[in-house]
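Structure first, then comments.
Quick note: the coordinates plus some simple rules give every number you see, no bench work behind them. Everything numeric in this text was worked out from a predicted model, so none of it was measured. Backbone-built Cβ (ideal geometry, glycine too); neighbour counts: all protein chains shown.
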DNA sequence: CCTTGACACGAAAACGTTTTCGTTGTAATG
DNA sequence: CATTACAACGAAAACGTTTTCGTGTCAAGG
């Protein structure tokens, strides 16, 4: 049916071992035969069977991507990462394999490892500590994307959440705000913690005392931004600015303010995080902290590959600088 | 290193063939030994090596996804499809593999086929007829997503572009518009053609003569919606409503109108297509034609699987109904 | 002339499965 | 009792590679 190394071998009267060596650039094959073999391979349009190669070499050429499906509503975020990651992976002759279900089950992860389905894994946002434990025991190279994991042996790529939150809070303060609402998402651990710390530090640096009443805990649900905003606005003394957890929440917060007849930013300022397109197409446009997601996706793959080549390498992590983008939703002098 | 069928075999003193049969549910193994084998497999946490299985069975358990990278700026569109497709694939024990570069090169496609990298392929939007030819010659099951391909043997899943365009145009007409701007995208072939035909039919049914001056050809570029809108507005007799090719173009068209100080929909109405989140978060919200992308993604996988199980099956295609969603960008009686 | 070495090549094992086929032992049938 | 049938198992081939190791040839060196 399909063309194998044997076909080349037979037509040329050369052993399969020599054919294989010629194709793989081994030194112990003469120039003449090498050329005849390559020529014949071209003629037959031969391409090595991937399964056979994987079995023999012990490498699959596949990188697994663990994506938590509940987060799919921030699809633009994920898409941007994947776009970068896929590019780098494919440049190195690898391909990305998607795992979207049962990702939180350590059993499934272990199956992937034991079955040698992939050479490495990138975990987007998975908050499951169990998963990390499994990967380490199974000796599977992996990298965590999006969150800081201060655990020996764990590599990660993350945005500078602290600095982003600090810059954004500071900006709000310079706009005259002293009552700044803040949203957390405890399930995201360090992501939430770092932003919280940056927020608090900016307040402290401006001699504004931190008010725990202005902190709202949010969960993963479709309308969480709308709900959070309403909680802020229902307060006895509402904040004059709200720092939401990500752009889509800010969009919904805008809606909530609008539904109450409040003007943004005149009566309440709203800011987001991530810098996705959503933040750019609302009216008013949303002030946000932009993450270099595509770049981070590329870089994550690079780090993962160094790990795959030598899993004894020490873990490496990179924190990426983020950029505060000031737009109308927090700025009183309107323009653009 | 890793645990194989041999380990089970040795510990139990049972041949590997019997172990394999027990694990695969063959009938010719007694209940007693089957249970001992399964128990031991559990104890050792054995999982069959995927490469070996693929090699032997001739199936990889992988479905390739061909994604044209230049289209990545409509990432939400792709993400929605993938989300549905991945779900169905994984339910059947398969995983999605991403191919984002060199997808337009027939050589690369042929390599994927000859190397038996995947069991089937889903092509999102690829306008390359060469690719289809290669897949047919290589006898690789595939399905085209998003566009109608009236070619014997080609399965596809597509939205009802004709009906969507008809409904949308009709809606604009009932709002009193007679000069309705239309955008095409020739590179997308039937997608563009069908919408064009639906648009023209709706005009004809309302006894409005078709005016070719109101048709603007667009290309794949970042600001194409903004440019197209400006071309409309620069006309001697501009349209009073514009039917853009997709939501993001409508968003940009909104910007263009805003930049010229035009109110939407009072001075010019704007509509989109696809029904992505972008259409929902602008002010005014954008009238659009919603595609059931997630469902279509799931269904595409189902059809592909029937093809994989028996590639002699006749090609099947499904045209999905779309839904006109009327919002403020085209409606004079403002509410919501 | 003998040894050494480099060079070019092939035989064969190995990777971990699945599956065909043959071989037992035992029970049922005539 | 002889035959048949069946149940339960194992040997071995096969999938398509890669890689180790051995072998033969030939030239250079002593």
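With its label point put 7 Å out from Cα toward Cβ, residue B:321 sits 5.5 nm from the same residue's point in the other copies, in order from shortest.
Going by how many other Cβ atoms sit within 10 Å of their own, how do A:177, A:47, B:258 line up, fewest first?
Details: A:177 22, A:47 17, B:258 14.
So the residues, fewest neighbours to most, are B:258, A:47, A:177.
Inter-chain Cβ neighbour count for A:96-102, averaged per residue, equals 6 (cutoff 10 Å, partner chain atoms only). Panel order for A:126, A:315, by other beta carbons found within 10 Å of each beta carbon, from fewest to most: A:315, A:126.
Using C-alpha pairs below 8 Å separated by at least 6 residues, the relative contact order for the range B:5-46 is 35 percent. Label zone of residue A:187 (point 7 Å out along Cα→Cβ, amide N under 18 Å): in the range A:135-172 this covers A:145-148. With bins 10 Å wide beginning at 0, the percent of Cα pairs of chain A falling in each bin runs 5, 22, 25, 18, 13, 7, 6, 3, 0.
Taking one quarter of the surface of the convex hull spanned by the alpha-carbon atoms of the range B:1-101 gives a direction-averaged projected area of 8.9 nm². The eigenvalues of the Cα gyration tensor, multiplied by 5 and square-rooted, give the range A:104-179 an equivalent ellipsoid with semi-axes of 37, 11, 9 Å from largest to smallest. Computed over the range A:5-48, the P(r) curve from all C-alpha pair distances, binned at 5 Å from the origin, holds 5, 26, 42, 22, 4 percent per bin.
Measuring nothing but how far apart in sequence close Cα pairs (under 8 Å, 6+ apart) lie, relative to its length, chain B scores a relative contact order of 17 percent. The C-alpha atoms of chain A define a longest principal axis, and helix A:190-205 lies at about 40 degrees to it. Look at the alpha carbon pairs under 8 Å that are at least 6 residues apart: their mean separation over the length of the range B:38-197 gives a relative contact order of 19 percent.
The DSSP beta bridges internal to chain A are antiparallel in roughly 10% of cases. Per-residue ellipticity at 222 nm from helix content only, as computed over chain A with -39500 (n - 2.57) for each DSSP H run of at least four residues, stands at -13000 deg cm²/dmol. Shown here: the range B:101-232, whose C-alpha atoms stretch 58, 30, 18 Å along the first, second and third principal axes, sorted largest to smallest. Using the empirical formula 2.2 N^0.38 Å as the baseline, the Cα radius of gyration of the range A:171-271 reaches a ratio of 1.00.
Each 20 Å bin from 0 upward holds the following percent of the Cα-Cα pairs of the protein assembly as shown: 16, 44, 31, 9, 0.
Find how many whole Å separate the alpha carbon centroid of the range A:169-247 from the alpha carbon centroid of the range A:73-126. Here the answer is 32 Å between Cα centres.
Among B:140, B:235, B:122, the largest mean-square fluctuation in a Gaussian network model of chain B (Cα springs under 10 Å) belongs to B:235.
Of A:134, A:16, A:144, A:270, the sequence from fewest to most neighbouring Cβ atoms within 10 angstrom is A:16, A:134, A:144, A:270.
Working from Cα positions, state the angle (0 to 90°, nearest 10) between the long axis of helix B:293-309 and the longest principal axis of chain B. In chain B, helix B:293-309 runs at an angle near 40 degrees to the longest axis.
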